[in-house]
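Structure record follows, encoded as structure tokens.
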Amino acid sequence: MRMIGSMPSFRFSRSPGLTLVAFIGVLCVAYAVAQLVLAGDISTLVMSGLVFVGIAIVVAILNDWRRGVYLLLGWIVFEDLFRKYLGNNMAVFFAKDILTIVLYISFFAAKRKRLLKSFRPPFLVPLLIFIWFGVIQMFNPNSTSIFYGILGMKVYFLYIPLMYISYALFESELDLRKFFAFNSILILIVATLGVAQAIIGPNFLNPTVIQDDIRGLSTLYRAAPISGLIAYRPNGVFVSSGRFENFLIISWIVALGFGGYLLLRRRSGRNLAFLSIALVGVASIMSASRGVFMWNASSALVIVAAFLWGAPWRQGEARRVLRVIQRTLLFVGLAILFMIFAFPDKIASRFAIYSETLSPDSPTSELVFRARDYPLKNFLNAFGYPHWLTGYGIGTCTLGIQYVVRIMHAVPMGVAVENGYGQLVLELGILGLILWIFMSIAISVSAWKIAARLRGTTWFPLAFVIFWYSFLLLGPKGYISFISYQDYLMNAYLWILLGILFRLPKLAEETIQSEAAPDLASANGQA
């Protein structure tokens, strides 16, 4: 008989020595906890608990890398909640990187032991060239510290192997639905808490005393320029409103794709999917973020048009695509109506901000300025720095440089622009920008080919939204603000979703074959 595991199983009732040791250990832990509680040192108590939880998660990931994907995703989403209550603790901040590396070790160890599904992405060459150039830029003489380069390499490239892991994760359609159902639950929790904070205010989900590094990120307000109405910009479970807004953009796109897929496949779980769509729609409005409002409204229009274009018309399933649109409008509309009647003042301030700053008819409209003039001006400002041709080195104006300055005592670079492509010029030089654009086009074209290949099938909604998210993040959104790509949340989702996308054609083929097998067997039996 094959041995399932190598972990020993102790029977404490037959091992008095082990029982005594365990009992003494429990007493010591209880005593230490009691002393921390009496001293009022709750932060140390929570941190100690997180250490034990982290060890348990590491063991679980090493035992099963598939479970590790869900654990890592859950930790990435909720990490900030612990971090801001623990004084922006850096151990918590870097925990996700440790878990990611442990997941890679577990996956590649499993891959050596047995055959796992793998693939070669069509954009591998442009990707490797960009990584190679990033390695060279670590040693750019214009950088004041190698630690900027290490930070840049981590932010840019650490999560790329998640693409291979997510590709191997799905062995059946059940695995696919399980993953997106889990993601829908995460979306529901985060969106609900975000809406609640938008109503209650910054005292909810934020500690009474906030660390200086993140205080300004979680206490932001926006005022309507004409009416003077003020709205709080919630950060939810995250340390900043910006990361919460990024999560809403991801969630809106993915939730629409999952809802469309479920309706076409006639599978259970539709209520969960469309409830998450409704809550993300409300949270997007309550975020008081003009960027979220515009990105999600634009994505909704593009995705609806794509669903109509890619509907399985030959199979007579177009009615179901129309049902996706109808159900989305119904759920989101009902959620907004509830907010209007339950919290009229809160939602009125948001509508005032959007109408007064985005409407072309408004005298205080900033639509053209924020969408065109301001990003272009900042892009051109990058060429005002003396080393724009070769750049200042990867990571020199990357998200998180304040920690390099504070912890590693690196000399501040003092280079920055508020434009994504301009930031690439400052970090990697003009050649780096060209390589990034080349890689982005290669990824987007490859993703589009998969989506077009699945046109007319029930898998198209998922394929298209993954293409759209990839194109949006690497293209338009990356041009406006490269911090979006550097946000570990959006970065991790990008590579996970790309792995799913390239697995979809094979998964669809295998599912069709498995569904056709019983019918073929029945036909042979009748014959």
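This table checks each residue for (1) in contact (Cβ under 8 Å) with a residue 24 or more places away in the chain; (2) surrounded by 16 or more Cβ atoms within 10 Å (Cβ to Cβ); (3) not polar (S, T, N, Q).
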| position | (1), (2), (3) |
| --- | --- |
| 393 | yes, yes, yes |
| 407 | yes, no, yes |
| 410 | yes, yes, yes |
| 413 | yes, yes, yes |
| 424 | yes, yes, yes |
| 434 | no, no, yes |
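From the list 182, 139, 119, 204, the one residue that fits, being assigned to a helix (DSSP H, G or I) and among the aromatic types (Phe, Trp, Tyr), is 182.
Screening residue 97 against (1) closer than 19 Å to residue 491 by Cβ; (2) not assigned by TED's automatic domain parsing to the domain that holds residue 68 leaves a single unmet condition, (2). Selection within segment 260-289: residues that are touching a residue at least 24 places away in the same chain (Cβ under 8 Å), among the small types (Gly, Ala, Ser) and under 19 Å from residue 507 (Cβ atoms). The member of this set that is surrounded by the most Cβ atoms within 10 Å (Cβ to Cβ) is 260. Suppose we filter 306, 288, 278 for residues that are in contact with a Phe, Trp or Tyr (Cβ under 8 Å, 6 or more places away or on another chain) and outside any helix (DSSP H, G or I); which single one remains? Criteria check complete, one pass: 288. Between a first residue in segment 234-255 that is over 14 Å from residue 284 (Cβ atoms) and at pLDDT below 95 and a second residue that is part of a loop (DSSP other than H, G, I, E, B) and among the small types (Gly, Ala, Ser), which pairs have beta carbons less than 8 Å apart while being 6 or more apart in sequence or on different chains? Partner pairs satisfying both residue conditions: 235/218; 239/218; 240/218. Considering segment 129-152, and only residues there that are among the aromatic types (Phe, Trp, Tyr) and either closer than 23 Å to residue 496 by Cα or without any contact (Cβ under 8 Å) to a residue 24 or more places away in the chain (or both), the residue that is surrounded by the fewest Cβ atoms within 10 Å (Cβ to Cβ) turns out to be 132. The number of residues in segment 97-126 being among the charged types (D, E, K, R), in contact (Cβ under 8 Å) with a residue 12 or more places away in the chain and exposed (fewer than 12 other Cβ atoms within 10 Å of the Cβ) comes to 0. Of all residues in segment 140-195, those satisfying the criterion of being farther than 25 Å from residue 93 by Cβ, of a type in the set (A, V, I, L, M) and either out of contact with any Ser or Thr (no Cβ under 7 Å at 6 or more places or on another chain) or not assigned by TED's automatic domain parsing to the domain that holds residue 282 (or both) are 169, 174, 176, 181, 195.
Residue count for segment 153-170, restricted to those that are assigned to a loop (DSSP other than H, G, I, E, B) and crowded, with 19+ Cβ neighbours inside 10 Å: 2. Consider residue 53 carefully, then state whether it is closer than 24 Å to residue 500 by Cβ and in a helix (DSSP H, G or I). Against the criterion (closer than 24 Å to residue 500 by Cβ and in a helix (DSSP H, G or I)), residue 53 does not qualify.
For residue 225, state whether it is in contact with a Ser or Thr (Cβ under 9 Å, 6 or more places away or on another chain) and at pLDDT 95 or above. So residue 225 fails the test.
In segment 373-431, the residue that is nearest to residue 481 (Cα to Cα) out of those that are assigned to a loop (DSSP other than H, G, I, E, B), under 28 Å from the mean Cα position of the chain (by Cα) and polar (S, T, N, Q) is 419. Residues in segment 361-378 include at least one that is free of Cβ contacts under 8 Å to residues at least 60 places away in the same chain and either crowded, with 17+ Cβ neighbours inside 10 Å or touching a Gly at 6+ places or on another chain (Cβ under 9 Å) (or both). A single member of 202, 207 is under 27 Å from residue 399 (Cβ atoms) and in contact with a Lys or Arg (Cβ under 9 Å, 6 or more places away or on another chain), and it is 207.
The values are calculated or read from the model by the stated rules, or taken from the named source; none is laboratory data. These numbers come from a predicted model, not from an experiment. A quick note on method: Cβ atoms are made from the backbone with ideal geometry, for glycine too, and the neighbour counts reach across all protein chains shown.
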